[in-house]
Amino acid sequence: MDPQTPRDAQAIVAAYLRLVEAHAARDAYPCSLDELPHPKDTIRAAFKTSATALAASGKLTPEMRDYLEIAYVSLADYVSPECVTLLREYVRSGEELAADGRLPREKVATDPWRRISEQSRLAGEIARAISDDATGLRAEFRSWESDRAAV
């Protein structure tokens, strides 16, 4: 499939949108890059082709634009399988600690406390990287609009 061809780009974007909606319904974020129906760069190129074609044909309504932007920015939530594993383990450990009815000083010796202590810096760095990627993707998506206006 060629993400530069509007028909192929539409199919690539549609496959990705189905996946995003399924993950959103399950609140499954972050997700593994391995789950994407196409490589991230292919999806990005397909989005640009699709958004440009929709705008040129007058079919890019404000609602459609917002929907596509949110989905495009959601690409940031697709990270390496190792990052997904670490973040999910981190969340699970936090949930275990929250559910543990013991006093805080008694929780310090538990495995969930140890995992959180060991992984908090790395989990924070991953979360920051996802946020930075999302900011970049949002700016990229919005730049297509200014690119069209300049033409």
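Residues that are crowded, with 16+ Cβ neighbours inside 10 Å and over 14 Å from the mean Cα position of the chain (by Cα) were ranked within segment 56-78; the one that is modelled with the lowest pLDDT is Leu60.
Rundown of residues vs (1) modelled with pLDDT under 90; (2) on the phi < 0 side of the Ramachandran plot; (3) not in a helix (DSSP H, G or I), yes/no style:
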residue: Arg102; (1), (2), (3): yes, yes, yes
residue: Ile116; (1), (2), (3): no, yes, no
residue: Ala123; (1), (2), (3): no, yes, no
residue: Ala127; (1), (2), (3): no, yes, no
residue: Ile130; (1), (2), (3): no, yes, no
residue: Gly136; (1), (2), (3): no, yes, no
residue: Ala139; (1), (2), (3): no, yes, no
residue: Ser143; (1), (2), (3): no, yes, no
residue: Ala149; (1), (2), (3): yes, yes, no
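Among residues of segment 44-69 that are free of Cβ contacts under 8 Å to residues at least 60 places away in the same chain and more than 11 Å from Gln10 (Cα to Cα), those with a Cβ under 6 angstrom from a residue that is assigned to a helix (DSSP H, G or I) and not acidic (Asp, Glu), sequence gap 6+ or separate chain, pair up as Leu60/Leu54.
Pairs are defined by a Cβ separation below 7 Å, a sequence spacing of at least 6 or placement on different chains, a first member in segment 105-120 that is aliphatic (A, V, I, L, M), and a second member that is surrounded by 12 or more Cβ atoms within 10 Å (Cβ to Cβ) and part of a helix (DSSP H, G or I); the pairs so defined are Ile116/Tyr90; Ile116/Ser93; Ile116/Gly94; Ile116/Leu97. Looking at segment 15-60 only, could you name the residues that are charged (D, E, K, R) and at negative phi? Once the filter is applied, which keeps residues that are charged (D, E, K, R) and at negative phi, segment 15-60 yields Arg18, Glu21, Arg26, Asp34, Glu35, Lys40, Asp41, Arg44, Lys48, Lys59. Is segment 23-40 home to any residue that is crowded, with 19+ Cβ neighbours inside 10 Å and assigned to a helix (DSSP H, G or I)? Looking through segment 23-40, none of the residues is crowded, with 19+ Cβ neighbours inside 10 Å and assigned to a helix (DSSP H, G or I). Considering each residue of segment 84-100 in turn, none proves to be surrounded by 17 or more Cβ atoms within 10 Å (Cβ to Cβ), among the aromatic types (Phe, Trp, Tyr), in a helix (DSSP H, G or I) and modelled with pLDDT of 95 or more. The set of residues in segment 41-73 being charged (D, E, K, R) and assigned to a helix (DSSP H, G or I) consists of Asp41, Arg44, Lys48, Glu63, Arg65, Asp66, Glu69.
Residue pairs whose Cβ atoms lie under 7 Å apart, separated by 6 or more positions or on different chains, with the first residue in segment 20-37 and under 18 Å from Ser80 (Cα atoms) and touching a residue at least 24 places away in the same chain (Cβ under 8 Å) and the second of a type in the set (A, V, I, L, M) and part of a strand (DSSP E or B), are Pro30/Val79; Leu33/Val79.
Determine if segment 118-134 includes at least one residue that is loosely packed, with under 12 Cβ neighbours inside 10 Å, closer than 20 Å to Ala24 by Cβ and among the polar types (S, T, N, Q). Among the residues of segment 118-134, at least one is loosely packed, with under 12 Cβ neighbours inside 10 Å, closer than 20 Å to Ala24 by Cβ and among the polar types (S, T, N, Q), which makes the answer yes. Of everything in segment 1-20, what is modelled with pLDDT under 95 and acidic (Asp, Glu)? Give them in sequence order. Asp2 - this is the single residue of segment 1-20 that is modelled with pLDDT under 95 and acidic (Asp, Glu).
The values are calculated or read from the model by the stated rules, or taken from the named source; none is laboratory data. Values in this document were obtained by computation on a predicted structure and should not be read as measured data. Cβ coordinates were reconstructed from backbone atoms using ideal geometry, including for glycine residues, and neighbour counts include every protein chain displayed.
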